[in-house]
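Colleague: Just passing along the structure, written as structure tokens.
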Amino acid sequence: MKKILVLHTGGTISMHEDADGDVETGDENPLAQAKVTFPNIELEVENIFNLPSEHIGPSHMLQLQKRISEAKNDFDGVVITHGTDTLEETAFFLDSTLKVSFPIVITGAMRSSNELGSDGLYNYQSALRVAADDTSKNRGVIVVMNDEIHAARFVTKTHTTNVATFASPLSGTMGLLTKRQIIYFYDLPQREVLPDVDINKNIPVLKAYAGMDGQLLKILADANIDGIIIEALGAGNLSREVAYLLAKNTPVVIVSRSFNGVAAPVYDYLGGGVQLEKSGAIFASSINGPKARLKLLIGLSNNLSKEHLETYLHGI
């Protein structure tokens, strides 16, 4: 018998469609009424909060992290239900700050509980299956939706409404669920886990665009930010230097705004990745802007040296 802790946080999976066809939050989570039974699974269910995922931030992620840390000696796995819009960020935060051997599985839904073709209950059942399976141990935090298993490090939301919205463009799907099996295709390299987080640090994310000048960067630098993530063009290039930010010793992290591939210093011209790196910018090669923001937040919270911070952000 496996004992699984379920933490409901809200999101579409806990919402319903009203008479006008609009999706809204209710006082009661429909999953609380769902009859989910497995002969080998005992559930302990907690409604830790009931929020649309747009309302979830690092303070809520930290609350989840602390609850899971408390639970590690009492449970064989954890399942979290979550809204899909920021699901990948919560998954990445937990993956970066928790070191436990048991499975931590996050799931959600693209259709609310009473919509035609609702996917919430099925995803919830799938997540419970994965959390109770011994092959899911020591894999970090994973996302289970639509019969697929994705690593928190690589998963991202790719479609606004499609039930097959989650994908891992860089690594591919980590695993699959069939009617009888849970199949994993690869193992992940070890990651550095840093548990301390200062949620009050101010780290904005800025997306580069054609014709972008240094005005926004100067405004942000003068606002005494703790760091900045720039979703740069292509492999990591900008139309202007970020020297003003770097001169103020503000950590500048470069990722690509492209959907696939990695950011890397390739081009040696004004604003090119090579010159950005020489000026002190840090390349976070394998993650997107929102995830890089959380990783920089965690790195700065743990007072990493500049060299350690570079290694931490650049690693998978």
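The values are calculated or read from the model by the stated rules, or taken from the named source; none is laboratory data. Every value quoted in this text rests on a predicted model; they were computed, and no experiment measured them. Every residue, glycine among them, receives a Cβ derived from its backbone with ideal geometry; neighbour counts consider all protein chains shown. Quick note on the areas: whole protein, heavy atoms, side chains included, nothing else; ligands and nucleic acids left out. Shrake-Rupley method; radii C 1.70, N 1.55, O 1.52, S 1.80 Å.
Colleague: Run the accessible area of region 137-270 with a 1.4 Å probe and give the carbon-and-sulfur part as a rounded percent. Please report the intermediate quantities before stating the final value.
Modeller: Numbers: 3420 of 6870 Å².
Carbon and sulfur atoms account for 50 percent of the accessible area of region 137-270.
Colleague: At 1.4 Å probe radius, can you tell me the per residue accessible area of region 146-212 in Å²? Please report the intermediate quantities before stating the final value.
Modeller: Working: 3650 Å² over 67 residues.
Accessible area per residue, region 146-212: 54 Å².
Colleague: Applying the Karplus parametrisation 6.51 cos²θ - 1.76 cosθ + 1.60 with θ = phi - 60° to the phi angles of region 142-153, what ³J(HN,Hα) value in whole Hz is obtained for each residue in order, glycine and proline being reported as x?
Modeller: Couplings: 10, 10, 10, 7, 6, 6, 10, 10, 10, 6, 4, 5 Hz.
Colleague: Name the long-range amide H neighbours of I282: under 5 Å, sequence gap of 5 or more, or other chain; modelled H, no Pro or chain starts.
Modeller: Amide H neighbours of I282: V252, V253, I254.
Colleague: Further, regarding this structure: Which whole number in µm²/s is D for the chain by Stokes-Einstein, with the Kirkwood Rh taken over Cα pairs at 10 °C and 1.306 mPa s?
Modeller: Working: Rh = 20.4 Å.
Using the Kirkwood radius from Cα pairs, D works out to 78 µm²/s.
Colleague: How high is the FRET efficiency between K248 and E54 when r is their beta carbon distance and R₀ equals 25 Å, given to the nearest 0.05? Mind showing how you got there, number by number?
Modeller: Working: r = 31 Å, r/R0 = 1.25.
It comes to 0.20.
Colleague: Here is a follow-up. Scan around V79 for amide H atoms under 5 Å from its own, H built in the peptide plane at 1.01 Å from N, and keep only partners 5 or more places away or cross-chain.
Modeller: L5, V6, L7, V105
Colleague: Considering only region 198-316, what is the antiparallel percent among its DSSP beta bridges, to the nearest 5? Walk me through the numbers on the way to the answer.
Modeller: Values: 1 of 11 bridges.
Just about 10 percent of them are antiparallel.
Colleague: If you roll a 1.4 angstrom probe over the protein chains with everything in place, what fraction of the accessible area of region 1-70 belongs to carbon and sulfur, to the nearest %? Please list the in-between numbers first.
Modeller: Details: 1700 of 3750 Å².
Ligands and nucleic acids excluded, carbon and sulfur reach 45 percent.
Colleague: Which of rounded, prolate, oblate describes region 49-181, given a ≥ b ≥ c as roots of the alpha-carbon gyration tensor eigenvalues and a/c under 1.5 marking rounded, otherwise prolate only if a/b is larger than b/c?
Modeller: rounded
Colleague: Another one. Helix 289-301 versus the longest principal axis of the chain: what angle, 0 to 90°, nearest 10, using Cα atoms?
Modeller: The helix 289-301 is inclined about 80 degrees to the chain.
Colleague: Just to be sure I understand the model, the point goes 7 Å from the Cα along the line to the Cβ. What's the resulting K278 to Y186 distance in nm?
Modeller: 3.3 nm
Colleague: Using each residue's phi in region 204-212, evaluate 6.51 cos²θ - 1.76 cosθ + 1.60 at θ = phi - 60° and report the 3J(HN,Hα) Karplus result to the nearest Hz, with x for Gly and Pro.
Modeller: For region 204-212, the Karplus-derived couplings read x, 10, 10, 9, 6, 8, 4, x, 5 Hz, x marking Gly and Pro.
Colleague: Per 0.36 nm of contour for each residue apart, how much would the distance between K66 and T37 grow if the chain were fully extended, relative to their Cα-Cα spacing? Numbers along the way, then the final one.
Modeller: Working: separation 29, 0.36 × 29 = 10.44 nm, distance 2.73 nm.
Here the segment from K66 to T37 would lengthen by 7.7 nm.
Colleague: Now, a different point. What's the angle, to the nearest 10 degrees (0 to 90), between helix 87-97's Cα axis and the longest principal axis of the chain?
Modeller: Between helix and principal axis, roughly 80 degrees.
Colleague: Another question, then. How much of the DSSP bridge set in region 1-85 is antiparallel, in percent, rounded to the nearest 5? Please report the intermediate quantities before stating the final value.
Modeller: Working: 2 of 14 bridges.
Antiparallel bridges: around 15 percent, rounded to the nearest 5.
Colleague: Same structure, new question: With every protein chain present, what is the per residue accessible area of region 231-316 (1.4 Å probe, Å²)? Don't skip to the end; give the middle numbers.
Modeller: Values: 3780 Å² over 86 residues.
Accessible surface, normalised per residue, equals 44 Å².
Colleague: Grab the beta carbon distance between A19 and L121, set R0 = 25 Å, and tell me the FRET efficiency rounded to 0.05. Could you put the intermediate results ahead of the total?
Modeller: Numbers: r = 22 Å, r/R0 = 0.88.
Efficiency computed from Cβ-Cβ geometry: 0.70.
Colleague: Can you tell me which of D226, D187, D119 moves the most in a GNM of the chain? Springs connect C-alpha atoms under 10 Å apart.
Modeller: Between D226, D187, D119, it is D187 that shows the largest mean-square fluctuation.
Colleague: State, as an integer percentage, the relative contact order of region 136-237 based on alpha-carbon contacts under 8 Å between residues 6 or more apart.
Modeller: On the way: 105 pairs, mean separation 17.9, N = 102.
Dividing the mean separation by the residue count of region 136-237 yields 18 percent.
Colleague: Moving on. In nm, give the distance between the simple-model label positions of S239 and V266, each being 7 Å from the Cα along the Cα-to-Cβ direction.
Modeller: Here the answer is 2.0 nm between the modelled labels.
Colleague: Then there is this: What is the antiparallel percent of DSSP beta bridges lying wholly in the chain, to the nearest 5? Can you show the working numbers first?
Modeller: Values: 14 of 43 bridges.
That works out to approximately 35 percent antiparallel.
Colleague: Next question. Would you mind checking the tilt of helix 120-132 against the longest principal axis of the Cα atoms of the chain, expressed as 0 to 90 degrees and rounded to 10?
Modeller: Taking the Cα atoms of the chain, the angle to 120-132 is about 90 degrees.
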